[in-house]
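The values are calculated or read from the model by the stated rules, or taken from the named source; none is laboratory data. No experiment lies behind these values; they were computed from the predicted model shown. Quick reminder, even Gly has a Cβ in these numbers, built from the backbone with ideal geometry, and neighbours come from all protein chains shown.
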There are 2 protein chains.
Amino acid sequence: MNSPSLYCSFYLDLDDIANKIKHSGARTVGLQFPEGLKRSAFFIAGELEKRTSVNIIISGNPCYGACDVDMELMRSVDVLFHFGHSELVKGLDNVIYIETPARTNIKNVLAKAIAELGSGTIGLVTTVQHVHRIDDIKAFIRSKGISYVVGTGDSRIKYPGQILGCNFSAADIPCDQYLYIGSGTFHPLGIAIATKRKVLCADPMTTSIEWVDPDKILRTRCGIIAKCHRADTYGILISTKIGQNRAALAQRMAVLAEKYEKKYIMISLDNITPDALMQFKMNAFVNTACPRIAIDNAGMFSAPVLTPVEFEIALGHKDWNEYVFDEIRD
Amino acid sequence: MNSPSLYCSFYLDLDDIANKIKHSGARTVGLQFPEGLKRSAFFIAGELEKRTSVNIIISGNPCYGACDVDMELMRSVDVLFHFGHSELVKGLDNVIYIETPARTNIKNVLAKAIAELGSGTIGLVTTVQHVHRIDDIKAFIRSKGISYVVGTGDSRIKYPGQILGCNFSAADIPCDQYLYIGSGTFHPLGIAIATKRKVLCADPMTTSIEWVDPDKILRTRCGIIAKCHRADTYGILISTKIGQNRAALAQRMAVLAEKYEKKYIMISLDNITPDALMQFKMNAFVNTACPRIAIDNAGMFSAPVLTPVEFEIALGHKDWNEYVFDEIRD
């Protein structure tokens, strides 16, 4: 069992969760973890059972974000703890979000980043894993005499400077370049494409820094859009996940399809997988669910999967220079 | 589009469905198909749209049986048509089951089967694809002067002689041997193991006949049970699918785990996949959902997945000679 070591790489106050359980009077408790934390599920459940006497049920379904609350499990337990994400979906009475901030020393990677960044105001953006360090990050940058700006984002964003894979609203700020503190390149690519400004990625886990290069992903998306040149039959995908449902947008896509004389069906899904889409034998798909699906898994689908704006470009309804990453904003 | 030809291989009265839609006054209609019929989804939706003016949304989630009604889609449409299965889950007001009987000439395969079967009373069993032919089958066998018996099954069974992958109650009949009319060997294997009687499979699709041999599957299951010799940590799986939820059985398995000093966690899932289970790093799993999962996909899981009775055998709570296929009965 490597769970305790994994568990030590982030902050998690099990006594506090146990107190929340006791305070709630719950008899049956659900736990939902993102993929990377599922290995710790057995350890965390065991520790909570030691401290309380409740029945624990763990969600086994894939979990891709705060948008993806296990509603079936929520309905069958008194309290559902959703780990690893900050609150996104409001008004779920018996869901408690447990953020799991990363334990990292960010000073080294910040020093590297500052040396690399040119002059001008920096826009600071980061993910939920590191957003609790935003004051430390600001203090460090201030101590170097560099000016910065932090955005608050829209109502789906909980913390200043926080960005989601589907929401870069906290990057709508006046700055000359961005510093992204976090792992992966998806978030900073979206910002670079949307703002046409340079984004430096600083990963506190690996302490590596890297300027993002949106050209490669734009070429890939251009190729995927071009593949739809002769597509006549489209599947318009609607998610049933509570934080990913954009039924009105799907309806707008259907109206567009009719306008441009494309045939379509509306397909409602929980998890959008290559297997699930393959069954339908459509020429192409338009995805109104999580914006990352089409981008991250582009090579795995048997037919092109477009974001809504890419569908508009494929139809000729929008121009290529209007290209942006799809976002779910309020 | 090969949908029309696929559609021609079974009976489907689209005018009748269109009338049901008009009669219902529905404005939004959901369609749910098993995997093999999803290729016809585009064709069927188009034909229904020609005949009505409703908005159609198709379920893109995997669908494994009448136990697997898309509840999220059901909640978001006025009427949900569930294709390919007979009614199993009662009390869903806006779900209409559309059976899709196979178009086959069964006389040839029946003649082959009769020649192969020995003397004695035949127990007749079949699947929902062919159960509408049960009177033809009976007439044919009667014409050969052979005696037969047909069971009615429990309340999960709609038609005399019908068996499901999770319910062989219609085989609880006094007979010397069984004649199974249908495809695949899962259903007849369960009957052979449960009754210790011979089962002849007659497949109307391929017109092949074959005696089932339960030895191989029993050896496989024995091997999987043996792998649990040192298993200390178990994941007990509970399905959220409406017709597969056996929470009380899962609770009994938890009590047994405690009695035999095994550690366990309860895991709630929609689709039970090798990927989903792998994340949890358990030594083994006990599956209280669809009985077929552990059997059909045995080689794909990273840890042994036991049926409840197999878990009892692994613990030493039951003896190997009490082995049966798991069933979901009333």
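Data overview
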{"quantity": "Residue within segment A:14-26 that is within 14 Å of chain B (Cβ to nearest Cβ) and either in a helix (DSSP H, G or I) or within 28 Å of B:D232 (Cα to Cα) (or both) present", "calculated": "no"}
{"quantity": "Residue that is over 28 Å from B:L88 (Cβ atoms), modelled with pLDDT of 95 or more, away from chain A (no Cβ under 12 Å) and in a strand (DSSP E or B), where the choices are B:I209, B:I225", "calculated": "B:I209"}
{"quantity": "Selection within segment A:212-233 - within 26 Å of A:R329 (Cα to Cα) and among the hydrophobic types (A, V, I, L, M, F, W, C)", "calculated": "A:V212, A:I217, A:L218, A:C222, A:I224, A:I225"}
{"quantity": "Sole exception among (1) under 23 Å from B:Q129 (Cα atoms); (2) facing another protein chain (nearest Cβ under 9 Å) for B:L88, by number", "calculated": "(2)"}
{"quantity": "Complete set of residues in segment A:287-311 that are charged (D, E, K, R) and surrounded by fewer than 24 Cβ atoms within 10 Å (Cβ to Cβ)", "calculated": "A:R292, A:D296"}
{"quantity": "Odd one out for A:S239, checked against (1) over 23 Å from A:A66 (Cβ atoms); (2) surrounded by 16 or more Cβ atoms within 10 Å (Cβ to Cβ); (3) among the polar types (S, T, N, Q)", "calculated": "(1)"}
{"quantity": "Number of the exception - A:G46 against (1) surrounded by fewer than 19 Cβ atoms within 10 Å (Cβ to Cβ); (2) more than 10 Å from chain B (Cβ to nearest Cβ)", "calculated": "(2)"}
{"quantity": "Residue among B:V89, B:V125, B:V150 that alone is crowded, with 20+ Cβ neighbours inside 10 Å, in contact (Cβ under 8 Å) with a residue 60 or more places away in the chain and of a type in the set (V, I, T)", "calculated": "B:V125"}
{"quantity": "Selection status of A:N94, away from chain B (no Cβ under 14 Å) and surrounded by fewer than 20 Cβ atoms within 10 Å (Cβ to Cβ)", "calculated": "yes"}
{"quantity": "Residue under evaluation B:S40, criteria (1) small (G, A, S); (2) within 12 Å of chain A (Cβ to nearest Cβ); (3) in a loop (DSSP other than H, G, I, E, B), criterion not met", "calculated": "(3)"}
{"quantity": "Failed condition for A:Y64, given (1) of a type outside the set (A, V, I, L, M); (2) assigned to a loop (DSSP other than H, G, I, E, B); (3) touching a Lys or Arg at 6+ places or on another chain (Cβ under 9 Å); (4) within 12 Å of another protein chain (Cβ to nearest Cβ)", "calculated": "(4)"}
{"quantity": "Any hit, segment A:68-82, residues being more than 13 Å from chain B (Cβ to nearest Cβ), of a type outside the set (V, I, T), more than 19 Å from B:T233 (Cβ to Cβ) and surrounded by fewer than 20 Cβ atoms within 10 Å (Cβ to Cβ)", "calculated": "yes"}
{"quantity": "Residue check, A:A170 touching a residue at least 24 places away in the same chain (Cβ under 8 Å), in contact with a strand residue (DSSP E or B) (Cβ under 7 Å, 6 or more places away or on another chain), crowded, with 21+ Cβ neighbours inside 10 Å and over 25 Å from A:A66 (Cα atoms)", "calculated": "no"}
{"quantity": "Check on A:I328, within 28 Å of A:E72 (Cβ to Cβ), within 14 Å of chain B (Cβ to nearest Cβ) and part of a loop (DSSP other than H, G, I, E, B)", "calculated": "no"}
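Yes/no per residue for (1) within 20 Å of B:D330 (Cβ to Cβ); (2) at the interface with chain A (Cβ under 9 Å from one of its Cβ atoms); (3) surrounded by 19 or more Cβ atoms within 10 Å (Cβ to Cβ):
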residue	(1), (2), (3)
B:G235	no, yes, yes
B:V255	no, no, no
B:L277	no, yes, yes
B:F285	no, no, yes
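Conditions tested, residue by residue: (1) in contact with a helix residue (DSSP H, G or I) (Cβ under 7 Å, 6 or more places away or on another chain); (2) of a type in the set (A, V, I, L, M, F, W, C).
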residue: B:N94; (1), (2): yes, no
residue: B:K107; (1), (2): yes, no
residue: B:L117; (1), (2): no, yes
residue: B:L124; (1), (2): yes, yes
residue: B:T127; (1), (2): yes, no
residue: B:R133; (1), (2): no, no
residue: B:I137; (1), (2): yes, yes
residue: B:S143; (1), (2): no, no
residue: B:S147; (1), (2): no, no
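Here is a yes/no grid of residues against (1) without any contact (Cβ under 8 Å) to a residue 24 or more places away in the chain; (2) under 17 Å from A:L117 (Cα atoms); (3) in the same structural domain as A:A314 (by TED's automatic domain parsing); (4) buried (at least 22 other Cβ atoms within 10 Å of the Cβ):
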residue	(1), (2), (3), (4)
A:F140	no, yes, no, no
A:Q162	no, no, no, yes
A:C166	no, no, no, yes
A:Q177	no, yes, no, no
A:S183	no, no, no, no
A:I191	no, yes, no, yes
A:C201	yes, yes, no, yes
